[in-house]
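The structure appears right after this line, and notes come after that.
The values are calculated or read from the model by the stated rules, or taken from the named source; none is laboratory data. Keep in mind that what you see is a predicted model, and the values were worked out from it rather than measured. Cβ: placed from backbone, ideal geometry, glycine included. Neighbour counts: every protein chain shown. Heads up: the accessible areas ignore ligands, DNA and RNA and are worked out on the full protein's heavy atoms, side chains in. Shrake-Rupley method; radii C 1.70, N 1.55, O 1.52, S 1.80 Å.
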Amino acid sequence: MKKAALITGASSGIGAATAKEYAKNGYFVYLMGRNKERLQEVALKCRNGASLMSCDVTDTPALNKRLEEMLTTKIHRIEVVVNNAGIYETHSIEGGLDDVWARQMEVNLMVPVRIVRAFFPYFKEQGLGSIVNIASTLGLRPTGSTSAYSASKAAMINWTQSLALEGGAFQIRANCVCPGIIDTPIHQFHGLAENEKAKVLDSLRNLQPLGRIGSAEDVAKAAYFLGSDLSGWTTGAILSVDGGINLK
Ligand SMILES: NC(=O)c1ccc[n+]([C@@H]2O[C@H](COP(=O)([O-])OP(=O)(O)OC[C@H]3O[C@@H](n4cnc5c(N)ncnc54)[C@H](OP(=O)(O)O)[C@@H]3O)[C@@H](O)[C@H]2O)c1
């Protein structure tokens, strides 16, 4: 059976780059996201085979149906789950109403919790599994106006270490990538006209000791390293991929 990886949020940004990185390294990839056309475009670039798992991950019955399809079909040996789908909203403390918190806690934390809960028995039976959670440097050091998002990512980091502790006896590893500022559609500046975008990138450059913001591919390489057996003796790690931004 071919080894396989599930990547959530594979229709865009970091998830799309991560899917391509796994495919390049011989994995069959399960691509989860809402936008079918963009998932299809990513699938076309994954030469080792891809299956589209289109669904809104907050629609729990739809998510469960997709998970069941993957876990019962057993065409491939799923070794890796990359919990990458996420949303980012800025707000003041007073503006952080229940729905703002609920949305971000749901997509960024509870959906990964549900996915891993479904995968744990499968990984236990297989005697092998690797979970990569895409958190954020904001989960390590928050900024103003990102409190709900930062708290959701801080919880994800902490949860990753619980997974590593409980999963270790079954050879289930769990690790976390904390990206810094990455040029993806999650940021409004991503889609700006070239000259406007250049101005924004210039203003962000010096925040990083390495002198630039990151690309989706920078993060994808780390997500591949932590998911694959390149990091076979690493679990509970929190890897910042951020150009050094949190050192400043
Ligand atoms: N970019 C950064 O600077 C940065 C920094 C730190 C951490 N991160 C984290 O990296 C991860 C990926 O973000 P990105 O920057 O690549 O952003 P992005 O380009 O906006 O991608 C987000 C992905 O999440 C998916 N998604 C969101 N809500 C969903 C839902 N309800 N159901 C199904 N899929 C959903 C989107 O799918 P559809 O479009 O198909 O709905 C999309 O594929 C996120 O967890 C984010 O918090 C990003």
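If you scan the range 187-217, which residues turn out to be within 26 Å of Ser130 (Cα to Cα), within 11 Å of the ligand (Cβ to nearest atom) and either open to solvent by 80 Å² or more (accessible area, probe 1.4 Å) or assigned to a helix (DSSP H, G or I) (or both)?
Residues of the range 187-217 that are within 26 Å of Ser130 (Cα to Cα), as a first pass: 214-217.
Next cut, within 11 Å of the ligand (Cβ to nearest atom) only: 214-216.
Ala216 - this is the single residue of the range 187-217 that is within 26 Å of Ser130 (Cα to Cα), within 11 Å of the ligand (Cβ to nearest atom) and either open to solvent by 80 Å² or more (accessible area, probe 1.4 Å) or assigned to a helix (DSSP H, G or I) (or both).
Checking Met110 against (1) without any contact (Cβ under 8 Å) to a residue 40 or more places away in the chain; (2) farther than 24 Å from Ala220 by Cα: exactly one of these is not met. Which one?
Result: Met110 passes all but (2).
For the range 78-123, give me each residue that is under 16 Å from Gly227 (Cβ atoms) and of a type in the set (A, V, I, L, M).
Result: Ile78, Val80, Val81, Val82, Ala85, Ile115, Val116.
Filter the range 141-186 for residues that are touching a residue at least 60 places away in the same chain (Cβ under 8 Å), more than 27 Å from Glu79 (Cα to Cα), within 11 Å of the ligand (Cβ to nearest atom) and of a type outside the set (Ser, Thr, Tyr) and give the result.
Correct list: Ile181, Pro185, Ile186.
How many residues are in a loop (DSSP other than H, G, I, E, B) and within 20 Å of Ala155 (Cα to Cα) if we restrict to the range 175-185?
Step one: list which residues in the range 175-185 are in a loop (DSSP other than H, G, I, E, B), which gives 180-181, 183-185.
From the residues that got through so far, the ones that are within 20 Å of Ala155 (Cα to Cα) too are 180-181.
Going through the range 175-185 one residue at a time, the tally reaches 2.
Output the strands (runs of 3 or more DSSP E) that fall wholly within the range 26-120 and possess 2 or more residues being open to solvent by 20 Å² or more (accessible area, probe 1.4 Å) and more than 15 Å from the ligand (Cβ to nearest atom), or say none. Give the derivation first.
Working: elements: 28-33, 50-54, 77-83.
Filter on the range 26-120 gives 77-83.
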